[in-house]
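> One structure coming up, written as structure tokens, with questions to follow.
The values are calculated or read from the model by the stated rules, or taken from the named source; none is laboratory data. None of the values given here were measured: they were computed from a predicted structure. Using ideal geometry, Cβ is built from the backbone for each residue, glycine included, and neighbour counts are taken over all protein chains shown. Surface areas here come from the heavy atoms of the whole protein model, side chains and all, with no ligands, DNA or RNA. Shrake-Rupley method; radii C 1.70, N 1.55, O 1.52, S 1.80 Å.
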Amino acid sequence: MPERNKKKTVQEELSLTSHRGSADKAIPTRDGKFPKSRHVLGVLGFTGFAMAYAMRVNLSVAMVAMVNQTFVMAANGENTSRFNAETCTGNSTDYPSFYVNQISTREGEFNWDEKIQGFIHGSLFYGYILSQIPGGRLAEIFGGKGVYGFGMFVCSICSLLAPILARWNLTAFVISRICVGFAEGLMFPAINSMIAWWIPPSERTRFISIVFTGLNIGTVISMPLSGYFCDMSILGGWPLSFYIFGMIGFIWCIFWLAFVYDTPASHPSISYDEQYFIEYYNGRKTYNRSKTKTKIKTPWLDFFKSGPLWSLIVVQFCNYWAFYVILISLPTYLNNVLNFHIKSNAVLSATPYLTRSICGILCSFLSDKMLKQKLMSLQTSYKFWSFIACFIPSMGLIGITYVKCDIALIVLMIAGLGAFNSAQYSGFQSNHILLTKEYAGTIYGICSMIANMTGFLAPLVTGVIVSGNQTLEQWRIVFCLAAGLNIAGSIFYMFTASVNDQNYGNKNVDEETCVRN
């Protein structure tokens, strides 16, 4: 049957079944032919997040080579570190070569003290939290393809311009990092909005886990490669990490524009079987965004009166607090208190992201298998995996303050923090779409915006607690606070979470616009 006739058959069948009701629909026997369009979306979504995060975290490694460390030490005077009686007495030469800083020791070209470096690193969050909600709404109005692709395009431009801007003007360089954060903030709710249209519930946990694992893979790839580039003499070394990742980002944009579409109905070459399979199990028809105008009035009041949405906000905020303590403050503790020079070691710094990647995918397959065998309900599954993602890493955070200088246990616990935290992808991170399909991007943006404020707040509170008193006891307070919040958030989620459609705004989308043209 020609493709045109297939599409006509899909339109007629979906139109008829919309009037007869879902009970009269024929159960799909096939889910499409290889390569399936939704799997192409998954591959490009995964690689897109990997490249976006590569362009985000490469600065943490490149900064070591960019900055004149002699200047920084001179600016700090004699008080470059404040060890206490419980500090590990060894130095980096006591550890295996794997743990020793492998970045070139040649002096960088920028006289940026630690405050300036911290401001540059933190500037990304200014843009990141501001674009979360706009990203969701823009994706729902104009389509997730354009919003996600635009985010990558901006990241790529900023990456290519970064070395030029850094050498020209510090303010311009900071603005470019804000733009990177803003662009990345658009991408998260955009892909969430697309998942709501493209992925049936039986595949959603695995799909979300695999796509978001791209964030961790990007970190695992970027940090060691950036360290390798910084040690080269070509173009000064460190600019290579910006140029190469930026160029790959542009190439990715071409593939995204060519092979990804907003909805199954707007895809010109999707098979009849795959479109019907997606729309049958998602419980709704899709529409061709290029031919149809949606009538959507955003029910903001309904969002903020929703208990299940607040459940997601709380658990995500508490979990992200612990995550940013691990990401930002843990290296400082290991360096200042235990004299364990891990911060500038690109390979070891990537360890929790590697374990997070592997275990995140394993958890998603295990979760789907348990659901398929009906060992637990969907709601119970989300609560179970969310508790795993919050409780076990919290115990690890507290445990790190008790193992002191035992290198093997420290490395094991750091790897474990990433491994068990990955269970969130099979838990609360998959929950947003079930509350609403029409506004999946917006509510993800709301949760993510509030949760990512911890990128500012967690380091600020940590600084207040340990400022001028970098002792094991003070750092234990920091880690116990993060662990306590994380566990409290998971408990709150267990009592208040829901997987039911909340019917926000009484479905303001005109159902007639959802018929394929």
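> Gly399 passes all but one of (1) closer than 14 Å to Ala483 by Cβ; (2) under 23 Å from the mean Cα position of the chain (by Cα); which number fails?
(2)
> Considering only residues that are open to solvent by 20 Å² or more (accessible area, probe 1.4 Å) and in contact with a Phe, Trp or Tyr (Cβ under 9 Å, 6 or more places away or on another chain), look in the range 410-448 and name the one that is modelled with the highest pLDDT.
Looking at residues that are open to solvent by 20 Å² or more (accessible area, probe 1.4 Å) and in contact with a Phe, Trp or Tyr (Cβ under 9 Å, 6 or more places away or on another chain), I get Phe420.
> Examine the range 477-484 for a residue that is closer than 21 Å to Phe125 by Cα and either more than 19 Å from the chain's Cα centre (by Cα) or open to solvent by 10 Å² or more (accessible area, probe 1.4 Å) (or both), and state whether such a residue exists.
Yes, the range 477-484 has at least one match.
> For the range 155-174, indicate whether the set of residues that are under 17 Å from the mean Cα position of the chain (by Cα) and crowded, with 24+ Cβ neighbours inside 10 Å is non-empty.
Among the residues of the range 155-174, at least one is under 17 Å from the mean Cα position of the chain (by Cα) and crowded, with 24+ Cβ neighbours inside 10 Å, which makes the answer yes.
> Looking only at residues that are over 22 Å from Ile221 (Cα atoms) and open to solvent by 30 Å² or more (accessible area, probe 1.4 Å) in the range 337-368, which one is modelled with the highest pLDDT?
The extreme case among them is Leu366.
> Give the residues of the range 254-269 that are within 18 Å of Thr47 (Cβ to Cβ) and crowded, with 18+ Cβ neighbours inside 10 Å, sorted by residue number.
Matches in the range 254-269: Trp256, Val260, Tyr261.
> Give the residues of the range 218-276 that are farther than 21 Å from Cys155 by Cβ and outside any helix (DSSP H, G or I), sorted by residue number.
Asp231, Met232, Ser233, Gly237, Tyr261, Thr263, His267, Pro268, Ser269, Ile270, Ser271
> Pick out, from the range 438-500, the helices (runs of 4 or more DSSP H) lying fully within it that include 2 or more residues that are among the aromatic types (Phe, Trp, Tyr).
472-496
For (1) open to solvent by 30 Å² or more (accessible area, probe 1.4 Å); (2) at pLDDT below 80; (3) in a strand (DSSP E or B), each residue gets a yes or a no:
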residue	(1), (2), (3)
Arg106	yes, yes, no
Gln117	yes, yes, no
Gly122	no, yes, no
Gly127	no, no, no
Ile133	yes, no, no
Leu138	yes, no, no
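> Hey, another quick one. Is the range 292-299 home to any residue that is assigned to a helix (DSSP H, G or I) and either modelled with pLDDT of 80 or more or closer than 30 Å to Ile388 by Cα (or both)?
Taking every residue of the range 292-299 in turn, none turns out to be assigned to a helix (DSSP H, G or I) and either modelled with pLDDT of 80 or more or closer than 30 Å to Ile388 by Cα (or both).
> Moving on to the next point. Quick one: Pro200 ticks every box in (1) closer than 26 Å to Phe384 by Cβ; (2) surrounded by 19 or more Cβ atoms within 10 Å (Cβ to Cβ) bar one, so which box is it?
Exception for Pro200: condition (2).
> Just for the range 149-190: of the residues that are in contact with a Pro (Cβ under 9 Å, 6 or more places away or on another chain), in contact (Cβ under 8 Å) with a residue 40 or more places away in the chain and among the aliphatic types (A, V, I, L, M), which one is farthest from Ile120 (Cα to Cα)?
Once the filter is applied, the top-ranked residue is Leu186.
> Here is a follow-up. Which of the residues that make up the range 224-236 are within 21 Å of the chain's Cα centre (by Cα) and surrounded by fewer than 24 Cβ atoms within 10 Å (Cβ to Cβ)?
Pro224, Leu225
> Taking Gly143, is it closer than 24 Å to Val211 by Cα and more than 19 Å from the chain's Cα centre (by Cα)?
Taking the combined requirement at face value, the residue satisfies it.
> Okay, next question. With Pro189, Pro239 as the choices, which residue is touching a helix residue (DSSP H, G or I) at 6+ places or on another chain (Cβ under 6 Å), farther than 20 Å from Gln132 by Cβ and open to solvent by less than 10 Å² (accessible area, probe 1.4 Å)?
Pro239
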